[in-house]
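Have a look at the structure below, then the notes.
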Amino acid sequence: MRRLVLSAATAKAPEAGDNLWRPLVHTMPVLGSKELLRRAAGSLLFMLVARLGTFIPIPNVDLSALPDMQPWRNMNDMFSRSAGLPANLFELGVGPLINASWTLSGLTLIEQCGGRLHIKELMQGGWEGQSTLELYVKYMTVGYAALYGAQRAMTLVQAAIVPANFVWNTMWTLAAGAMVLSFIADHTEKWALGDGTSLLIASSIMSSHTQQLQGAVRVIEAAGPLAWWRVLTAVAGIVALVFAAAFLTHVERRHPLVYYKSRRFQVGAPGVGPGEGASSYLPMRIMPSGMQPLLMGSFAFHLLPSAVGMISPALASALVARAMSPAAMPWTFSGFVLLTEGLGVVASAPKLAHETAEWMTAVEAGIKGLSPGAETEAFLLQQQRLTRFWGCLAIAALAAASHLLDSACQSLLGAPLGCQSILLLAGFLLSVERQVLSLLQKQKLERMLNQAAKQLQEDTQRRQSLAEKRRSAQHVQISADSFRSVGPPIEINMLALPSPQRNCGGWAVRCEQPSDNHMHR
């Protein structure tokens, strides 16, 4: 009982702020997750830093004397070199980081590469190997940033205020800006929402797309009033494109699983089927990366003329004239996205199937009708390739649809609306949605655990109170039994005596212990 009183006395009374906050949390569960709010604030902070850096000019550059850099500016606007000053601190964007990641991944596909096996060992080395790989990526990022910074500095020499050491200083200034963005991308997973690279690119696309929409509005206003059905058709097409992207992102195939409980099966033993156990399913999404293949395909597609131009400028000009013309762009771009994503699936599917089969063996799970080991791995590889094949077709169809819808908007409204940028932003929001739902689920589980712990504490206190009451009752019973069990019985004789002998109201009490002969009398 004393423990109950102390617990009630030390309980914290609800504050007035809690009473005001709880209805808001009940209405908007997002407000109840401190980690989600912290990550949302971190995302806004990182996006703000990335945006402000585009308005910091490169030192020693006369912005008014800059030559026409329209091809570079287009690259800026699309791939996180967002619309800001013509020569800004973050002009290189996350291009060096992406190229470093691609280079490291490409080394694993080259059989003649000496470090191929070393990189694969690091990929399978857990946290320690992952840390080493991240260090390699940082070193490569510095190298690519210095290379691109030197290339950009050479194009800005004509606008230099003081030409002495201009290329050297500008190169490392741009490299420093690229490393700041790389730092943000590396710490996004811990402090913000979404993927680091996707967050920076989404921030850039958002700012550049806003300017594109403003330009489209000015063109439409200058052309005069439009019929309402034209605007409605364009908006309906964009909404349908976004809904199609959201639907395809969540499409998955489910393979039933059976967990072995009663016995263990030898891995790879032929003819062994799953026994009775708890059933669940193994999901395989057709687009597990969302819109990221479209983003990376766009990045590579627009860098292709520059790469070809280093070998043959005439071939690069012909490529831009034919493959990147407005009429051919939907088909060439979607075909390029299909090709790059297909190559990625072919390279990654065996590893993913092997890891999934190992996980199923570790948890003693199997697919109904298949034996664990090689047979299960072969089945998973086949299903993985088939599922991702449909995903490649889906992402290529979305890429073509975005360009066709832009052409339709050009015909209906007089200006394109940047449907590909809208599609990329929708993909980023869908990826953030999955993370938000997981954080809310974590909050829900924590609340359930707290309620269970509170109920367990109350049950424990109730049991302790009942135990104390039982101990008290047993103590009283033991005391009464001890009086009855000590020594022989005592006879009490009530004698009538004269009152002068003993002033007991006419009665006297004589207690005597009878002898053994009178014990049963």
Quiz item: Is at least one residue of region 71-86 in a helix (DSSP H, G or I), open to solvent by less than 30 Å² (accessible area, probe 1.4 Å), at pLDDT 85 or above and not aromatic (Phe, Trp, Tyr)?
Solution: no
Quiz item: Quick one: which of PRO283, PRO305, PRO293, PRO288 is part of a loop (DSSP other than H, G, I, E, B) and not polar (S, T, N, Q)?
Solution: PRO288
Practice problem: For region 89-117, name all the residues that are open to solvent by 80 Å² or more (accessible area, probe 1.4 Å) and at pLDDT 75 or above. | Solution: TRP102
Practice problem: Mind telling me which of the residues LEU380, LEU398, LEU343, LEU405 ends up being open to solvent by 60 Å² or more (accessible area, probe 1.4 Å) and in a helix (DSSP H, G or I)? | Solution: LEU343
Practice problem: Among the residues of region 316-340, count how many are in contact with a Pro (Cβ under 9 Å, 6 or more places away or on another chain) and open to solvent by 40 Å² or more (accessible area, probe 1.4 Å). | Solution: 5
Quiz item: Filtering region 346-377 down to residues that are touching a residue at least 60 places away in the same chain (Cβ under 8 Å), part of a helix (DSSP H, G or I) and open to solvent by less than 40 Å² (accessible area, probe 1.4 Å), which residue is farthest from SER298 (Cα to Cα)?
Solution: MET360
Quiz prompt | Residue in region 123-130 that is loosely packed, with under 14 Cβ neighbours inside 10 Å, among the charged types (D, E, K, R) and assigned to a loop (DSSP other than H, G, I, E, B) present | solution = no
Quiz item: Within the set of pairs 6 or more residues apart or between chains, which connect a residue that is in a helix (DSSP H, G or I) inside region 33-48 to a residue that is at pLDDT 90 or above with Cβ atoms less than 7 Å apart?
Solution: PHE46/ILE184
Quiz item: Which members of region 256-291 meet the condition of being modelled with pLDDT of 85 or more and touching a helix residue (DSSP H, G or I) at 6+ places or on another chain (Cβ under 7 Å)?
Solution: MET284, ILE286, MET287, GLY290, MET291
Exercise. For region 162-173, state whether one or more residues are of a type in the set (Gly, Ala, Ser) and free of Cβ contacts under 8 Å to residues at least 24 places away in the same chain.
Key: yes
Exercise. Please specify each residue of region 383-395 satisfying the condition of being within 27 Å of SER421 (Cβ to Cβ) and either open to solvent by less than 30 Å² (accessible area, probe 1.4 Å) or of a type in the set (Lys, Arg) (or both).
Key: ARG388, GLY391, CYS392, ALA394, ILE395
Quiz item: Only one of (1) touching a residue at least 60 places away in the same chain (Cβ under 8 Å); (2) on the phi < 0 side of the Ramachandran plot; (3) small (Gly, Ala, Ser) fails for GLY194. Which number is that?
Solution: (2)
Exercise. Please tell me if ALA300 is assigned to a helix (DSSP H, G or I), out of contact with any strand residue (DSSP E or B) (no Cβ under 8 Å at 6 or more places or on another chain), open to solvent by 60 Å² or more (accessible area, probe 1.4 Å) and not polar (S, T, N, Q).
Key: no
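The values are calculated or read from the model by the stated rules, or taken from the named source; none is laboratory data. Since the model is a prediction, treat every value here as computed from it, not as a measurement. Cβ atoms come from the backbone with ideal geometry, glycine included; neighbour counts cover every protein chain shown. For accessibility, only protein heavy atoms count, side chains too; no ligands or nucleic acids. Shrake-Rupley method; radii C 1.70, N 1.55, O 1.52, S 1.80 Å.
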